[in-house]
Structure formats: structure tokens, C-alpha cells
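Presented below is the structure to which this report refers.
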Amino acid sequence: MTTPKTPLLDTVQSPADMKTLSDAQLCQLADEVRVETISAVSVTGGHLGAGLGVVEMTVALHAVFDTPKDKIIWDVSHQCYPHKILTGRRDRIRTLRMKDGLSGFTKRSESPYDPFGAAHSSTSISAALGFAVARDLGGGGGDAIAVIGDGSMSAGMAYEAMNNAGHLGKRLIVILNDNEMSIAPPVGAMSSYLSRLYAGEPFQELKAAAKGAVFLLPEPFREGAKRARDMVKHMTVGGTLFEELGFSYLGPIDGHDMDQLLQVLRTVKDRATGPIMIHAITKKGKGFGPAEAARDRGHATGKFDVLTGEQQKAPSNAPSYTSVFADTLLKYAATDPKICAVTAAMPDGTGLNKFMERYASRCFDVGIAEQHAVTFSASLAAGGMRPFCALYSTFLQRGYDQVVHDVALQRLPVRFAIDRAGLVGADGATHAGAFDVAFLSNLPDMVVMAAADEAELVRMVATAAAYDDGPIAFRFPRGEGVGVDMPDDPALLEIGKGRMIQTGSRVALLSFGTRLSEVQAAAETLTAKGITPTIADARFAKPLDRDMILDLATNHEALITIEEGAIGGFGSHVSQLLAEEGVFDDGLKFRSMVLPDTFIDQSSPHDMYAMAGLNADDIVIKVLTTLGIVTLEKRA
């Protein structure tokens, strides 16, 4: 009878507790961490597949290196749940992505074991190099280790950092976590290059011999082995890109073979002098059948049954905004062969997977490369096409210079479909679509729209498809619509014209975006109090509906704008208009309800908007205080 193994995870409160474990015990610990990760995410939902793919790597890194003195920087940090379990946060791991709980990403304020916050891709090598240079300048700290996925290696920032690191020659460790996946399957020449590194027969031999890496050979044999290794690599792939950038290259190695990982990491820790690249092959979703079988390898999941992997899904009463955008775009692409679509490694998230299936030659996933996506879209427009560049608001930030220089300055008709506008819930501040209205509305000739509901989104897609006079953007949130009837043959919107929703007196509520439903709920409460507000849907932040806004301002005691964006956006532009027209001289009470000047941590969207002060109850209070009916002190 086999004696059951004593659980080890309960004995690990910090990485220091791993230093006394044998290699066999570290293998057991990895198995337990994998089980714990699956169990936790089944309760919370979250990013599962990436973490399962680096369990052995996480255990090995913390066993070999001396964190937090040594800095481990996880690129994007979708894969950081095992890291959190091993760094004193296991007791809170079932609060992942919840209000007042653990972040779904690394976060400096959460733990000293998170030296650098991340949630966007391709930043880790730059960050690790900064720590390495700070160390050598007397700032303290030990080794700097960047763990970056092959999907993140498609972004130019990674190569900017590697080029600089190779030039500086500092001791720096980069682990290329090559799982052939980012969120979508990887695309592009870099993915093909990495595949060739370990697909050919000579490299299969090198992979099998990784335990006998050059570093481990006795001194007399080391130089000869290195020459032989270099010769084989150059014969196989014509030179190693990473070594040309100044990195010593080691790999590929099996990222799930604990013995191999430990041997390589220990050797690198003891012997490395300059920048080194360790190329590890892993499997996203490793060890959980439903994740391994999923198209995205369990990248993001809701709560699920551990035994079956079946996800718990809330009943849906309305289509999601993303699906409304995708279906509407398909409709217009069917009759207009010039319509094409571009996304940056998010075909599923943006709904363009549907477009890709039907019109493969007109749909382009450019990988994690938002700057390229924007300029590529600009040149498609210059070439006579009608491109829709579909990006999350928080990722569009990464291509802002290209929006300014390559699109707006040339007045090219790129259609920006901005998903995840506003506050997004469990992903927290790093993914909030807070700034796009402000940074787009400042650009000359840029048209900026926000859909109040899913029917309005249909109209905006149709309007954008027909608009050829310059760049145009429309934004919409994550999640379901409000359940309104959808137009079969939507009329095109007149550029820069809003719509009146209801006519009242004393106060006008001017909404931009999907807070309109909250404005209408607030209006019902106010009507019961004897105040019937006028309600208007602005539709456009740029250009403003000047006539409608001035009419609202001159015929009401107070005007309040409401938007799901940061200060500097729609309300600021309205205020500028009113000031220039001298409306404030006539005593108008103007207020602007925007996202607060702070980053809001993860919670449910409703709770986040409550923290932001943008729900119906907040609008009621704003009206009553603006009109002088109540004071803020009475709110409690």
C-alpha cells in the first residue's frame, strides 16, 4: 500500500520556506499549487490557462532565486496566480478580482513580491532592465528576471528593451515562456520563427540535451561544445535573433520538467554575467483538461465546476454590446467589399472572430501591436479601404501617437471601434476605459461618438461605415445592452447632432454614453419629488451639438453633463463652449459628472460606478444639490 504524501503547500508561507525542500518535494509542491490554482479560479473566475502553464516555472524561480530581493517581473501577469499563492497570499486567493480582494494582476501596493505592476503586455524586459541598472548604480536589489510570453514578444517594446539591454550588457535574465498562445493563437513571423527554433530535428536533439547545457560541462570541453552548438543553430535557422541582440541564448527547454528547470536556473544564477535568454516551452492550461481542450486554453473563465469545467453563466436578457457591434459590421461588410477589420490579438474579445470566419481576406489580427494596428489601418484607409480598427479603450492608449500622427493629422477615415469603454469590473483600473473620450476629443477633425444603448450602437456602426470625411470613433461598454428594440434598417446619424429624450423644466441632464439608463432612473425619482428634468442624449463629444447644448443652457436653471470618462472629456468640452458663448454670465448652474481623479480598484461594475458617483442615486443628489434643494451633508 502506497503511503500518501504529506501535503507541502500548507508549510509554505513564503518562498523562504521552499529553500529546504528537495527537488522531488518541489515537484510535489508544483502539483499542489496547480490544484490550488484550479480550485481558487473555479470560485472567483479569472485568468486560468496562463497560470497553469507556468506552475513549474513559478515554483522553480522562487526555489532558486531569493525573492523579494531578486525581482521577478511577470509580463502582463495573467499568469501570476501561482506566484501569489506562494508569496503569502494563499489565504486571500479566493478574493481574486473581487472588491477589496487581490488584484488579478501583479500590483506593487499589494505585496513586496510584486516589484512591478503589470496588466498590459510587453513591459517586463524594460522593467527588469531598469531594476538591473538601478542595482548596479547602488539602488539595491539582486537579480532581475523577466518572464514574457511568446505573444507579448510580438510587440515592439520588447525589442526596444532587448536592444538596449544587449547594448548595456548588464546581468539580466529573460525567460521566454513559449506556449504558442497569447489570448488568441499567435500570429506573425515571430511566432513562426519560434516554432522553427524547436520544430526541426537538430533542435529536437538540442532540446533533449538541454540538461547538459554548455554551462554545465567541464572547462576543457566547454568551448568546443559552444562552437558546436553555435554551428548547429546557424545551420538550422541562419542565426539566433536573440544572440544578435546581445543575449546569450539557452534553450529551448521543457518548461514543465522541474529537474531541467532547476538545473538551468541554478546554473544561470551562479554563472551568468550579461543578459541571457532562457527559452522555455510550456503548455497553456497545463494539467486541467477543459482548459487544455479550449480554443483559448482557458485564458479567461467565469466560475466553473472543477470536475467538468462547465462555466456558470448568468441568464442573458439582451445581447452584449460586443456582439451587436460584430453582427452589425458583418451586415455592412456583406454589401461593401471595402470594409475590413483590424484587431491586436483580440479577435474573440472584440467580436471580430465572426468577421474573420466569414471574410478571412479582409480581417487582420496583427498580434499584440496596437501601434502597428493603428498605422496599418491608416494606410488601409489611404489605399481606399474602409477599415474598422477594433481595440479595447485601455489598449488604444498604446497607439495614441499613431492616432495623432498617422490618422488624425492626415484626416484618414479610420473607424475606431472602442470596446470596454468605462469601468469594466473585475479587471480593475488597468483595464478601465477612462481616457479615450478626452484624448480623442482633443484631436482636430476627429468624430467621437458614444452609444447610449445597443440600438444606438447599431446606428453608430452604420454611420461610421458610411463616413469617409476623416477619422471617426464610437465607444461602447463591456457586457449586455439594456434590452431595447433593434433597428433593422438604421438611419444614419447626422454628424454632431444629439437627440432629445424628454422635455422638462429647471434642470437639463445631458448624457453621453450608457449612463443614459441611470439618468432616466434618476429622472423617475426626481419626478416623484416634483422635479421633472429635461433629458438629452448627446451622442457626440466631437463635434458638439452646439445648438442643442445652448438651447438647454438658456432654457434651464441648471445643466448637468454625465459621462463614463475622466475629466477633460465631454463635460470639459461643453464647459468650454458655454464659457466662450458667455452663458455663465447669465447665471447658469453647470455641473459635470465624470469619473473621479483616481484609479478605481476592481469590483462589480455597479459598485465601481457607485464609488465613482455615477449611478442613479448620485445623479439625484447632484440635481438636488445643484438646485439648492438639499446640501451634501444631508446625503448620509
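The values are calculated or read from the model by the stated rules, or taken from the named source; none is laboratory data. Only a predicted model underlies this, so the values are computations on that prediction, with no experimental measurement involved. Neighbour counts run over all protein chains shown; Cβ positions are idealised from the backbone, glycine included.
Assorted remarks:
- Matching residues, segment 1-42, being among the β-branched types (Val, Ile, Thr) and free of Cβ contacts under 8 Å to residues at least 12 places away in the same chain: Thr2, Thr3, Thr6, Thr11, Thr20, Val35
- Any hit, segment 317-328, residues being more than 30 Å from Asp401 (Cβ to Cβ) and free of Cβ contacts under 8 Å to residues at least 12 places away in the same chain: no
- Flag for Gly470 being under 24 Å from Ala334 (Cα atoms) and assigned to a loop (DSSP other than H, G, I, E, B): yes
- Residue within segment 327-341 that is surrounded by fewer than 24 Cβ atoms within 10 Å (Cβ to Cβ) and either touching an Asp or Glu at 6+ places or on another chain (Cβ under 8 Å) or closer than 23 Å to Arg297 by Cα (or both) present: no
- Condition check for Glu524: of a type in the set (Asp, Glu), free of Cβ contacts under 8 Å to residues at least 12 places away in the same chain, part of a helix (DSSP H, G or I) and under 24 Å from Met608 (Cα atoms): yes
- Taking segment 438-467 as the range and being part of a loop (DSSP other than H, G, I, E, B) and either over 19 Å from Leu516 (Cα atoms) or at pLDDT below 95 (or both) as the test, the residues that pass are Asn442, Leu443, Pro444, Asp445, Met446, Tyr467.
- Filtering segment 337-382 to residues that are of a type in the set (Gly, Ala, Ser), within 20 Å of the chain's Cα centre (by Cα) and not in a loop (DSSP other than H, G, I, E, B) leaves Ala341, Ala373.
- Residue identified as touching a residue at least 60 places away in the same chain (Cβ under 8 Å) and closer than 14 Å to Phe388 by Cα among Asp365, Asp348, Asp305: Asp365
- Looking at Ala165, Ala184, Ala213, just one residue is modelled with pLDDT of 50 or more and more than 17 Å from Ile72 (Cβ to Cβ), and that residue is Ala184.
Here is a yes/no grid of residues against (1) buried (at least 24 other Cβ atoms within 10 Å of the Cβ); (2) in the same structural domain as Lys286 (by TED's automatic domain parsing); (3) in contact with a Gly (Cβ under 6 Å, 6 or more places away or on another chain):
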{"site": "Asp31", "(1), (2), (3)": "no, yes, no"}
{"site": "Ser39", "(1), (2), (3)": "no, yes, no"}
{"site": "Thr44", "(1), (2), (3)": "no, yes, no"}
{"site": "Gly49", "(1), (2), (3)": "yes, yes, yes"}
{"site": "Val54", "(1), (2), (3)": "yes, yes, no"}
{"site": "Cys80", "(1), (2), (3)": "yes, yes, no"}
{"site": "Arg94", "(1), (2), (3)": "no, yes, no"}
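- Taking the criterion of being touching a helix residue (DSSP H, G or I) at 6+ places or on another chain (Cβ under 7 Å), surrounded by fewer than 23 Cβ atoms within 10 Å (Cβ to Cβ) and over 23 Å from Glu564 (Cβ atoms), the residues of segment 395-409 that qualify are Gln402, Asp406.
- Considering residues of segment 326-357 that are among the hydroxyl-bearing types (Ser, Thr, Tyr) and in contact with a helix residue (DSSP H, G or I) (Cβ under 9 Å, 6 or more places away or on another chain) only, the residue nearest to Ser122 (Cα to Cα): Thr343
- Selection status of Phe599, of a type in the set (A, V, I, L, M, F, W, C), out of contact with any His (no Cβ under 6 Å at 6 or more places or on another chain), exposed (fewer than 15 other Cβ atoms within 10 Å of the Cβ) and not in a loop (DSSP other than H, G, I, E, B): no
- Positions within segment 487-500 being aliphatic (A, V, I, L, M) and buried (at least 18 other Cβ atoms within 10 Å of the Cβ), in sequence order: Leu493
- Only one of the numbered conditions (1) charged (D, E, K, R); (2) closer than 25 Å to Ile472 by Cβ; (3) in contact with a helix residue (DSSP H, G or I) (Cβ under 8 Å, 6 or more places away or on another chain) is not met by Asp617, and that is (2).
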